[in-house]
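The values are calculated or read from the model by the stated rules, or taken from the named source; none is laboratory data. Since the structure is predicted, the reported quantities are computational estimates derived from the model, not experimental observations. Heads up, the Cβs are rebuilt from the backbone with ideal geometry, glycines too, and the neighbour counts pull from every protein chain shown.
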Amino acid sequence: MEGITSHVEGLLRIARNVIGNSYSPYSRFKVASVVRTSDGRVFHGVNVENASYGLTVCAERVAIFTAVANGARSVEEILVATETEEPVPPCGACLQVLSEFASSETRIYMASLSSGKVVVKKLSELMPYRFTKKELEQKAKSRNG
């Protein structure tokens, strides 16, 4: 993991410690996610599957929702870790949720716990055309004249 800073190594350490908590009996695809908020707090999550597949929740959303439940409103960076050979990006739903609490410059670390590979992208690179509260505010403004 050349070039990875010590704070990212800390996020990876947390991901390694919690990925075993993933509840993924159907896909057997374990994911752990760790977010660091703008005030420096760190929250983690794992994917939680359900027999009714549509009710499954990704690790990224669990981590973000945990941060929000603890009063955070700004995600500074997020790590997504899997046990696959290559790093895996967040799904579109997770990117959209992240968009609510992050800037276009927010760093997304995609990590393979198996190979040690880490890919870093900005939110704007993975989801350049996202729906934000700005669009809702513009709509409300146009209605109110």
Next item on the list: Could you grab the pairs with beta carbons closer than 8 Å, sequence gap of 6+ or different chains, first residue in the range 76-96 and within 11 Å of Val119 (Cβ to Cβ), second one charged (D, E, K, R) and surrounded by 17 or more Cβ atoms within 10 Å (Cβ to Cβ)?
Entry: Val80/Glu60
Check: Arg73 is checked against (1) in contact (Cβ under 8 Å) with a residue 12 or more places away in the chain; (2) of a type outside the set (Gly, Ala, Ser); (3) farther than 25 Å from Thr132 by Cβ and fails just one. What number does that condition carry?
Finding: (3)
Note to self: Regarding the range 39-59, can at least one residue be identified that is in contact (Cβ under 8 Å) with a residue 60 or more places away in the chain and of a type in the set (Val, Ile, Thr)?
What the structure shows: no
Item checked: Search result, residues across the range 51-81 that are in a loop (DSSP other than H, G, I, E, B), more than 15 Å from Tyr23 (Cα to Cα) and either more than 15 Å from the chain's Cα centre (by Cα) or among the hydroxyl-bearing types (Ser, Thr, Tyr) (or both) -> Asn70, Gly71, Ser74
Margin query: Only one of Ala111, Ala63 is within 30 Å of Leu136 (Cβ to Cβ) and hydrophobic (A, V, I, L, M, F, W, C). Can you tell me which?
Written below: Ala63
Margin query: Quick check on Arg61: is it surrounded by fewer than 17 Cβ atoms within 10 Å (Cβ to Cβ), touching a helix residue (DSSP H, G or I) at 6+ places or on another chain (Cβ under 7 Å), within 22 Å of Gly10 (Cα to Cα) and at pLDDT 95 or above?
Written below: no
Note to self: Name the single residue that is nearest to Cys94 (Cα to Cα) among those in the range 117-134 being basic (Lys, Arg) and loosely packed, with under 14 Cβ neighbours inside 10 Å.
What the structure shows: Lys133
Check: Looking only at residues in the range 101-116 that are surrounded by fewer than 19 Cβ atoms within 10 Å (Cβ to Cβ) and either among the polar types (S, T, N, Q) or at pLDDT 95 or above (or both), which one is nearest to the chain's Cα centre (by Cα)?
Finding: Arg107
Next item on the list: Kindly establish whether Arg28 is on the phi > 0 side of the Ramachandran plot, without any contact (Cβ under 8 Å) to a residue 24 or more places away in the chain and among the basic types (Lys, Arg).
Entry: yes
